[in-house]
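Notes for the one structure printed next.
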Amino acid sequence: MTTQHLPRPRTAFAGVAVVAAWSAWQPADITTWWMEAIPALVGLPLAWLCWGRYPWTRLAAWAMALHAVILLVGAHYTYALTPLGFWLQEAFDFSRNHYDRLGHLAQGFFPAILAREVIHRATRLQGRWLAFLATCFCLAFSAFYELIEWWAALAMGAGADAFLATQGDPWDTQWDMFLALCGAILAQLFLAARHNQQLAALLRRAPH
């Protein structure tokens with residue numbers, strides 16, 4: 001069985017397409033929608049188109065899909081106004097809508113799987129160094145995203161408030177990066193063993 005015959009994650013990606021259509025229908029702020037949704041709108045179709053040459057493990061495919069859903073839900077409502085965040089705020093007596101926090105935890109959790117998959121497949125690196133480099137990638141990616149938010153604030157002024165979703169927290173940038181770091185570590189603690197099994201199976205099927 002070659003990589004061309006591996007099953008595609010049709011269910012996951014089809015579900016994201018439905019969520020994307022809903023998300024694009026009358027979003028709270030169209031500019032913010034584009035800024036928040038574009039990673040999902042570009043990343044998943046690209047992964048799909050390249051699948052024949054570069055298939056992903058089932059875990060990585062679902063990681064991409066779930067991360068895209070979180071982005072698209074936040075894009076539709078804006079992160080500061082997402083109903084799930086308000087429900088959590090009321091249920092746990094939080095001082096603010098924490099959907100933004102969930103988004104940045106996911107920003108480390110799901111990309112950690114993708115990072116370790118790419119690094120392992122390119123270098124066959126394993127163990128602690130693989131975990132370390134995947135974590136470094138997620139933290140660097142999170143820091144770069146904060147730079148994007150800074151540039152958006154400089155370019156758009158108050159128009160970027162919905163995209164930034166700081167909700168008056170002066171430590172929002174630090175929290176965002178810290179949660180991405182936590183997400184990357186948690187993903188590898190809980191999913192690395194399963195991911196290693198799927199990687200081994202995928203590489204056994206790959207043509208030499």
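List of remarks:
- If you run the Gaussian network model on the chain, springs between alpha carbon atoms under 10 Å, then out of MET156, MET177, MET35 the most flexible one is MET156.
- Degrees separating the helix 58-77 axis from the principal Cα axis of the chain, which is the longest one: 10
- Relative contact order, whole percent, for the chain stands at 26, derived from Cα pairs under 8 Å and 6 or more residues apart.
- Dipole axis of the chain (+1 Lys, Arg; -1 Asp, Glu on Cβ), positive-most option in TRP129, ALA28, ILE70: TRP129
- Structure-derived Rg and Dmax of the Cα atoms in Å - corresponding label in (1) 19.8, 60; (2) 17.8, 56; (3) 18.6, 68: (2)
- Cα long-axis angle, helix 83-92 against the chain (0 to 90 degrees, to the nearest 10): 80
- Net length gained if the chain between ASP93 and CYS182 were fully extended (0.36 nm per residue, minus Cα distance): 29.8 nm
- Among the trypsin sites (Lys or Arg not before Pro) in the range 2-111, those placed in a DSSP loop whose Cβ has at most 10 other Cβ atoms within 10 Å are ARG53.
- The charge dipole of the chain, taken about the Cα centre with unit charges on the Cβ atoms of Lys, Arg (+1) and Asp, Glu (-1), comes to about 1540 debye, rounded to the nearest 20.
- Per-residue Cβ neighbour rank within 10 angstrom, fewest leading, SER95, SER23: SER95, SER23
- Rounded to 10°, Cα long-axis angle of helix 10-24 versus longest principal axis of the chain: 20
No value in this document is a laboratory result; all are computed from the given coordinates. Small disclaimer: the values here were computed from a predicted structure and weren't measured. No Cβ is skipped: glycine too gets one built from the backbone with ideal geometry, and neighbour counts run over all protein chains shown.
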